[in-house]
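The values are calculated or read from the model by the stated rules, or taken from the named source; none is laboratory data. A quick note: this is a predicted structure, and the numbers were derived from the prediction, not measured. Neighbour counts are summed over all protein chains in view; Cβ atoms, including those assigned to glycine, are modelled from backbone coordinates with ideal geometry.
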Amino acid sequence: MKKKWWAVFAIIILLIAITISYLIYSLPKQGNFSKTSLLRISIPLGGEYPASIKVSNDERTKQDFKVSFNNFDRLAKVEEGEFTLNPGEDKKINILFKDEKNVPGVYVGKLIISTSLKKEEIPVIFMLEDPNNAFAIILDSIPKYDSVYPGGKVGVEIKVYDLIGSTIPTVDAAYLIKNFEDEVLFTGEGNLIVGGGSKTELISIPLDWKKGDYIFMTSIDYKGTNSFGSYLFTISDKESTNLSGTFNIFIIIVIILVLLILGTVFYFIKTRDDLFVQLKKQQYSELKRNIQFLNSSKKKIIKSEVHVEAKKKKVQEIEEIKKKVIDKLRKKQENQKEELKKLIKQSGKQKEGRNSIKKKVEGWKKQGYNMFETNQELQKTPHKGMKKELEQWKKKGYSVEFLTK
């Protein structure tokens, strides 16, 4: 029995281990060169901003690194574009963002870190602000549209605040969506509320757009000034933003299997315990009936008018019979318990086996009503009156009487 419990426990642990392993290896792998996931820089026209990132070599061998931008000519420069790092070594890379175009707008691209083994691409959003801009534009996500996928929609809540006291209630704006290769994939326009209100824009995502990072931009051209706002979003699979649909199905299957195993184990324990409880009750009832019958016979002998010496002898005989009956019953009941354990072990979890065991226990119960042990001991004695009394008890259906007492 113990071996079975260990087997069940081992299966559950194995399923949990498989789930955790699948989770670890199925999650999207992030680049391990740098802990930086996004660079967002905002400077005024003609300004500059020094930034830095830390690059680490987590490989077991020496690595040659290359660091560069894909789309920031005359806007950003890497101080040291090529270098070598030993295993476990890291290096601070200085970057200078400087406006040499003097054209306000939102520029996007990637900072690319590569070795001969792998490549990491960090999205970069670089905003050149007009110092005389008339409006502040705030773009927020809409929770319902947080998950963006091909064929779905991206939702953006746009708020506009007046910075120059123009008092106009609404203003026209232009929209566009770019990828981080600086390709314009969508353009549109809208009329926005100025001040306390907001406007929601829903943009349909074509099925052929690739998974990755995109930027939604809003611009307002007002009296020769330019105001900009941007919102970063990611297109991923429809099923889940972090885990694949396959993984979700796998998790469901594992949970179902674990629940089935636990349910089976619970049923097995409960059925096993019920059988032993049933056997214990009927064994107690059987012992009680035999003792009660012998005690009743002893009381009748004591109350009889038989000579004292003869009465004493008969009482002693009854006590001897009682001891032998109790001893035989206890041995028989121990054998029944051992047999029940063996039957349960052999049947396992099969329903047919359980039903046959129940019938076996019921058969023992019926055998107990015949009071074999008491009857057997009485056969060895000359007390016909007691034998007669035993027969009378049986005819009266004593089994019902004893069960209800």
Take residue 119 and tell me if it is of a type in the set (Lys, Arg) and touching a residue at least 60 places away in the same chain (Cβ under 8 Å). yes
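Of all residues in segment 122-162, how many are part of a helix (DSSP H, G or I) and without any contact (Cβ under 8 Å) to a residue 40 or more places away in the chain? Before the answer, list the steps.
Residues of segment 122-162 part of a helix (DSSP H, G or I): 143-145.
Pick out the ones that are also without any contact (Cβ under 8 Å) to a residue 40 or more places away in the chain and you get 143-144.
Number of matching residues: 2.
Yes/no matrix, rows are residues, columns are (1) assigned by TED's automatic domain parsing to the domain that holds residue 172; (2) buried (at least 20 other Cβ atoms within 10 Å of the Cβ); (3) within 30 Å of residue 208 (Cβ to Cβ):
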| residue | (1), (2), (3) |
| --- | --- |
| 58 | no, no, no |
| 63 | no, yes, no |
| 84 | no, no, no |
| 94 | no, no, no |
| 116 | no, no, no |
| 145 | yes, no, yes |
Please determine whether any residue of segment 75-87 is part of a loop (DSSP other than H, G, I, E, B) and more than 20 Å from residue 123 (Cα to Cα). yes
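Among the candidates 110, 98, 92, which residue alone is within 17 Å of residue 42 (Cα to Cα) and without any contact (Cβ under 8 Å) to a residue 60 or more places away in the chain? Steps first, please.
Numbers: 110 fails: without any contact (Cβ under 8 Å) to a residue 60 or more places away in the chain; 92 fails: within 17 Å of residue 42 (Cα to Cα).
Just one listed residue meets the conditions, 98.
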Given (1) crowded, with 19+ Cβ neighbours inside 10 Å; (2) in contact with a Pro (Cβ under 6 Å, 6 or more places away or on another chain), index of the condition residue 124 fails: (2)
Is it fair to say residue 190 is surrounded by fewer than 16 Cβ atoms within 10 Å (Cβ to Cβ) and either touching a Ser or Thr at 6+ places or on another chain (Cβ under 8 Å) or over 27 Å from residue 97 (Cα atoms) (or both)? yes
Please verify whether segment 69-80 includes one or more residues that are surrounded by 12 or more Cβ atoms within 10 Å (Cβ to Cβ) and touching a residue at least 60 places away in the same chain (Cβ under 8 Å). yes
Quick check on this structure: which one of 201, 183 is outside the structural domain of residue 102 (by TED's automatic domain parsing), acidic (Asp, Glu) and surrounded by 18 or more Cβ atoms within 10 Å (Cβ to Cβ)? 201
